[in-house]
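Taking it in order: structure first as structure tokens, then the write-up.
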Amino acid sequence: ATACAGTVVMGLGWLVAQGAGGTGDDAASGKAASGAEHDAAAPGAGDREAGLVFGTPRYLACARLVAEGTVTGAEPVPGTARHRITLRVTHAYEPEPEADAGPGTGGAAPPDTAPVTFLLDDATARLGPGDRVMVGVPRQEPVADTVITGDRDIATARARVTAALPESRTLTCE
């Protein structure tokens, strides 16, 4: 009985350690907790090997959309395993905010910015109205490849994106 109890305690300790370390590591590297990102060794991960990892300067230079906001709608796309997500943007990092966004916006979208929509694979994440998220959508793609939720994970990703923005403005997407 003592051995079984010890095994359970050690197993739970391992799970807690993995959960605490995994969440921070995933957010720091731009991975969504839902598995939206794939290991560089996975098939079709050539973009990741080429430096298109969420939050890096190259990713930002090649992104159609990198933004934070609140989900206002999530409608299933008939015949697919996708949802059309409508996002009220509170901070847009890509595309670069307009010059007339106003002083001191620091990447924040102007209050009258129209909502943005994108597709989200159900296997990536499930979002609903009211969810706070940071998303990344590659250029030439309608589907988000990165979805980050949770205030702490969003804050970590925000710091990484903000730090990478100056260099991303000097790059072109090839």
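In table form, for the structure just shown:
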read-out	value
Answer from Asp145, Asp122 - the residue that is charged (D, E, K, R) and touching a Ser or Thr at 6+ places or on another chain (Cβ under 8 Å)	Asp145
Options Asp122, Asp145, Asp100: the member that is acidic (Asp, Glu), modelled with pLDDT under 95 and over 25 Å from Leu171 (Cβ atoms)	Asp122
Residue selected from segment 134-161 under the condition of a type outside the set (Val, Ile, Thr) and in a helix (DSSP H, G or I), by the criterion least open to solvent (accessible area, probe 1.4 Å)	Ala157
Residue satisfying all of: in segment 52-97; assigned to a strand (DSSP E or B), of a type outside the set (A, V, I, L, M) and in contact with a helix residue (DSSP H, G or I) (Cβ under 8 Å, 6 or more places away or on another chain); nearest to Val135 (Cα to Cα) among these	Glu68
Number of positions in segment 74-90 that are touching a Pro at 6+ places or on another chain (Cβ under 9 Å) and either over 23 Å from Ile154 (Cα atoms) or open to solvent by 10 Å² or more (accessible area, probe 1.4 Å) (or both)	7
Residue that is least open to solvent (accessible area, probe 1.4 Å) [pool: residues in segment 119-133 that are touching a Gly at 6+ places or on another chain (Cβ under 8 Å) and part of a strand (DSSP E or B)]	Val133
Among (1) at negative phi; (2) surrounded by 15 or more Cβ atoms within 10 Å (Cβ to Cβ); (3) modelled with pLDDT under 95; (4) not polar (S, T, N, Q) - the single one Gly107 does not satisfy	(1)
Neighbours by Cβ (under 6 Å, 6+ apart or cross-chain): first from segment 78-93, free of Cβ contacts under 8 Å to residues at least 40 places away in the same chain; second part of a loop (DSSP other than H, G, I, E, B) and open to solvent by 40 Å² or more (accessible area, probe 1.4 Å)	Thr86/Pro115; Arg88/Pro115; Val89/Thr113
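The values are calculated or read from the model by the stated rules, or taken from the named source; none is laboratory data. Model, not experiment: these values are computed from the prediction. So basically every Cβ, Gly included, is an ideal-geometry build from the backbone, and we count neighbours across all protein chains shown. Just the protein is used for accessible areas: all its heavy atoms, side chains included, with ligands, DNA and RNA removed. Shrake-Rupley method; radii C 1.70, N 1.55, O 1.52, S 1.80 Å.
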